[in-house]
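Every read-out reported here was derived from the displayed coordinates using simple, explicitly stated rules and does not represent laboratory data. All values derive from a computational prediction rather than experimental measurement. Cβ placement follows ideal geometry from the backbone for every residue including glycine, while neighbour counts extend to all protein chains displayed.
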Amino acid sequence: MNSVGWQAGEQMECAAREITGGRYVRLLSFVVQAILLLAVEPLLAQVRLSDDRPSLDVAALEAAGLKVYRSRHLVLVSDAPTEQCQELPALVDRFYPALQQTLGPLSPAADGAEFQVTGYLMDARERFQQAGVLPDGEFVIRHGRHLGYQFWMNNQPSDYYRRHLLLHEVVHCYLMCEHGMRDIPPLWYTEGVAEMLATHRLQPLQFGILPDQLNGFEGWGRIAELRRRPVEAGGGVAEGVLLDDVLNPASRIFLSDLRYAQGWGLVWLLRNHPELQRPFAGLFRVRTRAQFDAATAGISREQLQRLGVVWQLMLDSWEEGFDPERSFPPLAPEWRLWSEDSARPQQVQVRSEQGWQPSGYWFDVETRIRLSAGGRSVLQPAGENGARAWESEPAGITIDYAQGRPLGELQAVLVQRKPSVLPERISVGAGSELRVSAGSELWLRINDFEGQRRGNSGAYQVRLQSVSDR
Ligand SMILES: [Zn+2]
């Protein structure tokens with residue numbers, strides 16, 4: 001993996017050592033850094049930036065066809081129909097505790113005022129232009145845009161996505177009101193946090209969720225975007241989908257739906273994967289790039305490589321209703337080198353109630369292996385109480401399909417530790433021969449929806465055997 005943004009601090013420190021050399025200067029530099037951390041940082045964040053919102057001339061706004069809706073944390077100015085606007089201020093008030101809880105409380109305002117933002121929800125941009133409430137110049141707004149304690153957003157056809165985008169912009173205002181737009185963390189993180197927290201359901205009201213279905217989340221589409229695997233003209237998978245591309249994108253422009261989906265996916269993964277929650281726990285309190293670098297300084301290259309493997313598997317696993325208890329690929333399972341055990345066939349077990357599982361073997365040289373599978377698994381259709389459970393063998397059953405393949409089918413994926421392209425899922429069935437490239441891990445699963453493994457039982461026995469090139 002190339003240098004990742006969060007190792008910049010380490011590189012700076014090395015450079016300082018080369019230039020100065022002397023122990024005394026290093027000590028001095030350490031003392032200065034400590035003083036900066038202990039004294040300046042708290043001073044900077046002791047109070048929030050002052051409220052930069054111009055006062056609103058309500059009569060003039062109303063004359064321009066704009067209505068004003070207010071709550072404790074939101075002033076909403078809009079030309080959209082009242083029924084699309086009136087519940088939004090109260091929603092933001094109920095969102096505020098989730099912001100405090102996830103991102104940490106804000107520093108107080110110098111004048112003790114509550115945190116409040118003004119949002120402009122626009123059907124016809126000209127009305128806002130005429131009313132003088134748009135920023136100067138060519139202010140490009142693709143979906144939404146924030147500046148200080150204000151944000152502007154285009155109205156959305158779907159009720160869900162209108163609320164989502166509004167909450168997304170509120171997150172940005174919350175994160176930026178202490179330090180402003182200077183020295184901000186990487187965009188995948190700031191956009192990903194905004195996306196993660198804004199993903200919500202109303203009944204019961206919850207923020208930061210994973211949608212369990214498509215209905216009610218119209219316009220969101222982040223999982224579909226992640227699974228889409230953009231294909232290049234030549235037929236290969238387009239660049240920009242591996243973890244390294246997400247962390248160190250070739251372009252700083254953050255516009256495509258894919259980039260937002262990746263930001264959401266990575267932040268959601270770091271927040272929910274049981275083995276990632278602890279190392280990344282400090283991430284959700286950061287406001288500046290320096291704080292981001294400090295919060296991630298302890299992440300090792302090995303941990304990042306493992307995250308890169310899990311990321312590849314997750315791109316094939318995300319589904320509405322994804323089951324975090326059963327379907328997360330483990331971060332750091334034990335691996336044995338195939339060449340050390342390949343003199344004899346080896347047996348591994350694949351369980352039906354879990355998603356992608358490590359075979360336990362990785363390959364340091366290109367190898368041909370044969371997989372032969374037996375056994376039975378019982379797949380429980382979800383949400384159909386009393387429905388008959390289906391029994392399957394490794395070839396799968398053609399009563400139902402998940403991701404275009406028979407339920408119950410044995411599948412493999414060869415994940416490269418230093419990937420250059422995304423791996424393809426392979427249908428193994430009762431038996432298949434695979435050509436494994438050097439540096440790959442073999443992962444296996446029994447095909448099912450990743451939100452429907454609860455209640456499954458049984459496993460397949462898979463025999464692995466080297467095939468000699470003759
Ligand atoms: Zn954003």
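Given 455, 381, 431, which one lies farthest toward the positive end of the charge dipole of the stretch 336-466, if we put +1 on the Cβ of every Lys and Arg and -1 on the Cβ of every Asp and Glu? Among 455, 381, 431, the one farthest towards the positive end of the dipole of the stretch 336-466 is 431.
Are there GluC sites (Glu not before Pro) in the stretch 130-224 that DSSP marks as loop and that have at most 15 other Cβ atoms within 10 Å, and which are they? Walk me through the numbers on the way to the answer.
Details: sites: 138, 169, 178, 191, 195, 218; in loops: 138, 178, 218.
Passing both the DSSP loop test and the Cβ count: 138, 218.
For the chain, a simple Cβ point-charge model (Lys and Arg +1, Asp and Glu -1, everything else neutral) yields a dipole of about 900 debye relative to the Cα centre.
Think of the stretch 245-342 as a dipole: +1 on every Lys or Arg Cβ, -1 on every Asp or Glu Cβ, centred on the Cα centre; then among 314, 297, 260, 297 lies furthest on the positive end. Can you pull the percent of Cα pairs in the stretch 336-466 with separation above 17 Å? Here the tail beyond 17 Å accounts for 56 percent of pairs. Ranked by how many other Cβ atoms sit within 10 Å of their own Cβ, fewest first, the residues 71, 437, 392 fall in the order 437, 71, 392.
Based only on other Cβ atoms within 10 Å, what is the fewest-to-most ordering of 273, 200? Write down the numbers at each step before the final one.
Values: 273 18, 200 21.
Exposure proxy ranking, most exposed first: 273, 200.
Given the -39500 (n - 2.57) contribution per DSSP H run of 4+ residues, what per-residue ellipticity at 222 nm results for the chain, rounded to the nearest 500 deg cm²/dmol?
Value at 222 nm, helices only, nearest 500: -9000 deg cm²/dmol.
Compute the Kirkwood hydrodynamic radius of the stretch 58-176, taking the inverse of the mean of 1/r over all pairs of distinct Cα atoms, and give it in Å to one decimal. All intermediate terms of the calculation are to be shown ahead of the outcome.
Values: mean 1/r = 0.0682 Å⁻¹.
Result for the stretch 58-176, one decimal place: 14.7 Å.
May I ask for the Kirkwood hydrodynamic radius of the chain, worked out over all distinct Cα pairs and given in angstroms to one decimal?
On the way: mean 1/r = 0.0399 Å⁻¹.
With all distinct Cα pairs of the chain included, I get 25.1 Å.
If you plug the beta carbon distance of residue 340 and residue 391 into 1/(1 + (r/R0)^6) with R0 = 35 Å, you get a FRET efficiency near 0.45. Note on the stretch 336-466: with charges restricted to the Cβ of Lys and Arg (+1) and Asp and Glu (-1), its dipole about the Cα centre is near 180 debye. Between the residues 95, 150, 66, the greatest Cα displacement towards the positive end of the dipole of the stretch 58-176, with unit charges on the Cβ of Lys, Arg, Asp and Glu, is found for 95.
How much of the DSSP bridge set in the chain is antiparallel, in percent, rounded to the nearest 5? The antiparallel proportion sits near 80 percent.
Considering only DSSP beta bridges with both partners in the stretch 114-198, what is the antiparallel share in %, to the nearest 5? Each step should come with its number before you reach the end.
Working: 4 of 9 bridges.
If we restrict to bridges inside the stretch 114-198, about 45 percent are antiparallel.
Spatial offset of the stretch 254-286 relative to the stretch 138-191 amounts to 17 Å, using the alpha carbon center of each. Beta bridges assigned by DSSP with both partners in the stretch 58-176 are antiparallel in approximately 45 percent of cases. Under the criterion of Cα pairs below 8 Å and six or more residues apart, the relative contact order for the chain equals 13 percent. I want the local charge near residue 74. Using Cβ-Cβ distances under 15 Å, sum +1 for each Lys or Arg and -1 for each Asp or Glu among the other residues. Around residue 74, the surrounding residues sum to +2. Placing +1 on the Cβ of every Lys and Arg and -1 on the Cβ of every Asp and Glu, with nothing else charged, gives the stretch 58-176 a dipole about its Cα centre of roughly 180 debye.
Give me 67, 418 ranked fewest to most by other Cβ atoms within 10 Å of their Cβ, as a rough exposure proxy. All intermediate terms of the calculation are to be shown ahead of the outcome.
Numbers: 67 16, 418 10.
Ranking 67, 418 by Cβ neighbours within 10 Å, fewest first, gives 418, 67.
Within the shell defined by Cβ-Cβ distances under 13 Å, the residues around residue 362 carry a net charge of -2, with Lys and Arg each +1 and Asp and Glu each -1.
Determine the sum of side-chain charges near residue 48: Lys and Arg each +1, Asp and Glu each -1, restricted to other residues whose C-beta is under 12 angstrom from that of residue 48.
So the surrounding residues net to -4.
Multiplying the residue separation of residue 248 and residue 272 by 0.36 nm and removing their Cα-Cα distance gives an extension gain of 6.4 nm.
Note on the stretch 287-378: Cα convex hull, mean projected area over all directions, 9.3 nm².
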